[in-house]
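Visitor: Have a look at this one before I ask anything.
The values are calculated or read from the model by the stated rules, or taken from the named source; none is laboratory data. No experiment lies behind these values; they were computed from the predicted model shown. In this analysis, Cβ positions are derived from the backbone assuming ideal geometry, glycine residues included, and neighbour counts consider all displayed protein chains.
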Amino acid sequence: MILVMALPLLRFIFLAFSFADYIGIGGFDFGGQTWDQVFDHAIVPLQALGKPIWILSEGIVPVDNQAQFISDTFAGAKKYSLQGVLYFNARGCDS
(Lines give C-alpha, C1' and ligand atoms only; values in the text may rest on other atoms or scores of the structure.)
Protein backbone atom coordinates (compact mmCIF):
# COMPACT_ATOMS: atom_id res chain seq x y z
CA MET A 1 0.00 0.00 0.00
CA ILE A 2 1.53 3.23 -1.15
CA LEU A 3 -0.10 5.43 1.51
CA VAL A 4 1.14 3.26 4.38
CA MET A 5 4.68 3.26 3.03
CA ALA A 6 4.54 7.00 2.37
CA LEU A 7 3.26 7.95 5.83
CA PRO A 8 6.70 8.90 7.25
CA LEU A 9 7.34 10.97 4.14
CA LEU A 10 3.94 12.64 4.45
CA ARG A 11 4.73 13.61 8.04
CA PHE A 12 7.94 15.23 6.89
CA ILE A 13 6.49 17.00 3.86
CA PHE A 14 3.23 18.15 5.43
CA LEU A 15 4.42 19.76 8.64
CA ALA A 16 0.97 21.33 8.78
CA PHE A 17 -0.26 18.11 10.40
CA SER A 18 1.02 19.50 13.69
CA PHE A 19 -1.18 22.56 13.18
CA ALA A 20 -4.27 20.74 11.90
CA ASP A 21 -7.15 20.04 14.24
CA TYR A 22 -8.83 17.47 11.96
CA ILE A 23 -8.01 15.23 9.01
CA GLY A 24 -10.48 14.98 6.14
CA ILE A 25 -10.68 12.29 3.48
CA GLY A 26 -12.99 11.61 0.57
CA GLY A 27 -14.06 8.49 -1.25
CA PHE A 28 -16.44 7.40 -3.96
CA ASP A 29 -17.99 4.09 -4.98
CA PHE A 30 -18.05 4.15 -8.76
CA GLY A 31 -19.86 0.83 -8.91
CA GLY A 32 -19.74 -2.40 -6.95
CA GLN A 33 -17.21 -1.43 -4.28
CA THR A 34 -17.72 -1.93 -0.57
CA TRP A 35 -17.26 0.81 1.99
CA ASP A 36 -14.21 -1.02 3.35
CA GLN A 37 -12.63 -1.16 -0.11
CA VAL A 38 -13.09 2.58 -0.54
CA PHE A 39 -12.04 3.83 2.91
CA ASP A 40 -10.09 1.27 4.99
CA HIS A 41 -6.77 1.83 3.22
CA ALA A 42 -6.94 5.57 3.97
CA ILE A 43 -8.35 5.58 7.51
CA VAL A 44 -6.06 3.00 9.11
CA PRO A 45 -2.73 4.80 8.45
CA LEU A 46 -4.19 8.24 9.14
CA GLN A 47 -5.27 7.15 12.62
CA ALA A 48 -1.56 7.00 13.48
CA LEU A 49 -1.47 10.81 13.26
CA GLY A 50 -3.71 11.03 16.33
CA LYS A 51 -6.12 13.57 14.86
CA PRO A 52 -9.92 13.30 14.57
CA ILE A 53 -10.89 12.03 11.12
CA TRP A 54 -13.86 13.18 9.04
CA ILE A 55 -15.11 11.85 5.74
CA LEU A 56 -15.55 15.19 4.01
CA SER A 57 -16.92 13.82 0.77
CA GLU A 58 -18.61 10.52 0.03
CA GLY A 59 -20.60 9.52 -3.01
CA ILE A 60 -22.05 6.44 -4.64
CA VAL A 61 -23.21 5.84 -8.17
CA PRO A 62 -26.75 4.45 -8.28
CA VAL A 63 -26.04 0.71 -8.39
CA ASP A 64 -27.42 -2.30 -6.61
CA ASN A 65 -25.21 -1.90 -3.51
CA GLN A 66 -26.08 1.74 -2.83
CA ALA A 67 -28.27 1.05 0.21
CA GLN A 68 -25.67 -1.32 1.68
CA PHE A 69 -22.87 1.20 1.12
CA ILE A 70 -24.81 3.89 2.99
CA SER A 71 -25.56 1.46 5.81
CA ASP A 72 -21.88 0.50 5.95
CA THR A 73 -21.00 4.21 6.22
CA PHE A 74 -22.63 4.35 9.65
CA ALA A 75 -21.00 1.07 10.71
CA GLY A 76 -17.59 2.30 9.49
CA ALA A 77 -17.98 5.65 11.25
CA LYS A 78 -18.63 3.78 14.48
CA LYS A 79 -15.86 1.20 13.86
CA TYR A 80 -13.21 3.90 13.36
CA SER A 81 -14.69 6.50 15.75
CA LEU A 82 -14.98 9.03 12.95
CA GLN A 83 -16.02 12.52 13.97
CA GLY A 84 -18.41 12.98 11.06
CA VAL A 85 -19.39 12.10 7.50
CA LEU A 86 -20.54 14.38 4.69
CA TYR A 87 -22.46 12.56 1.97
CA PHE A 88 -22.73 13.98 -1.56
CA ASN A 89 -26.02 13.49 -3.39
CA ALA A 90 -26.56 14.65 -6.97
CA ARG A 91 -30.16 13.59 -7.51
CA GLY A 92 -31.15 14.08 -11.11
CA CYS A 93 -27.60 14.38 -12.41
CA ASP A 94 -27.25 12.52 -15.73
CA SER A 95 -23.48 12.79 -16.09
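Visitor: Looking at segment 7-20, is at least one residue touching a Phe, Trp or Tyr at 6+ places or on another chain (Cβ under 9 Å), within 24 Å of Y87 (Cα to Cα) and modelled with pLDDT under 90? Lay out the reasoning, then the answer.
Guide: Step one: list which residues in segment 7-20 are touching a Phe, Trp or Tyr at 6+ places or on another chain (Cβ under 9 Å), which gives 10-11, 20.
In the following step, the residues that additionally are within 24 Å of Y87 (Cα to Cα) were identified as 20.
Now narrow it down to the ones that are modelled with pLDDT under 90: 20.
Yes.
Visitor: Still on this model: For residues that are over 16 Å from G31 (Cα atoms), of a type in the set (A, V, I, L, M) and part of a strand (DSSP E or B), tally how many sit in segment 41-91.
Guide: Within segment 41-91, residues that are over 16 Å from G31 (Cα atoms), of a type in the set (A, V, I, L, M) and part of a strand (DSSP E or B) number 5.
Visitor: As an exercise: evaluate V38 against (1) among the aliphatic types (A, V, I, L, M); (2) under 28 Å from A20 (Cα atoms); (3) not in a helix (DSSP H, G or I) and give the number of the one condition it does not meet.
Guide: All conditions pass for V38, except number (3).
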